[in-house]
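Please treat every number below as a calculation from the coordinates, not as lab data. Values in this document were obtained by computation on a predicted structure and should not be read as measured data. Glycine also receives a Cβ, built like all others from the backbone with ideal geometry; neighbour counts cover every protein chain displayed.
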Amino acid sequence: MKSRLLYRILVVFAALALYSCKTAPEISGFDSKQWKDDPMGCKNQRAKFFPILEKNKDKFIKVESGQILKLLGRPDRNELYKRTQRYYVYFVNSGSQCKGVKGNYGKILRIRFDALQRVSEVITN
């Protein structure tokens, strides 16, 4: 009797785990390779994709960090936040983060992850 109950509970948890996983969003007009080929945004290739990402930022919610890495590549910065939360930071265009450029940072795409490593917020500025 107890083993049946335990089995049913495990099946429910497994189903919930599979259901809650979300794959990387399909974004029309976005070229992942070109985005990844512009680290720190210094070549300004990312700038042309920024409006597309901004328009589709709701598609990122609940996506796991591994899927974001597949889509956008390694972040330019990885910021730790309180209670095991973190941000992936991607520079969109050239600014003081680039060698030989003075002034302010370029535009930034900041993706916030919760404690379960799922996207909880996408900030564009």
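Placing unit charges on C-beta atoms (Lys and Arg positive, Asp and Glu negative, everything else neutral), compute the dipole magnitude of region 2-124 about its Cα centre in debye, rounded to 20.
320
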Treat each spin label as a single point 7 Å out from the Cα along the C-beta direction, and report the R4 to L116 distance in nm.
3.0
Tell me the net charge near S94. Cut-off is 13 Å between Cβ atoms, S94 excluded, with +1 for each Lys or Arg and -1 for each Asp or Glu.
+3
Please compute the length gained on full extension between N78 and T23, using 0.36 nm multiplied by the number of residues separating them and subtracting their Cα-Cα distance.
17.7 nm
Helix 2-20: inclination vs the chain longest Cα principal axis, degrees, rounded to 10, gives 20
Near P39, within a Cβ-to-Cβ distance under 14 Å, what is the net charge of the other residues, with Lys and Arg +1 and Asp and Glu -1?
+4
Could you check which residue among S94, S65, S28 shows the biggest mean-square fluctuation in a GNM of the chain with a 10 Å Cα cutoff?
S28
Go through region 78-125 and name the chymotrypsin sites (Phe, Trp or Tyr not before Pro) that are in a DSSP coil and have 14 or fewer other Cβ atoms within 10 Å of their Cβ.
Y81
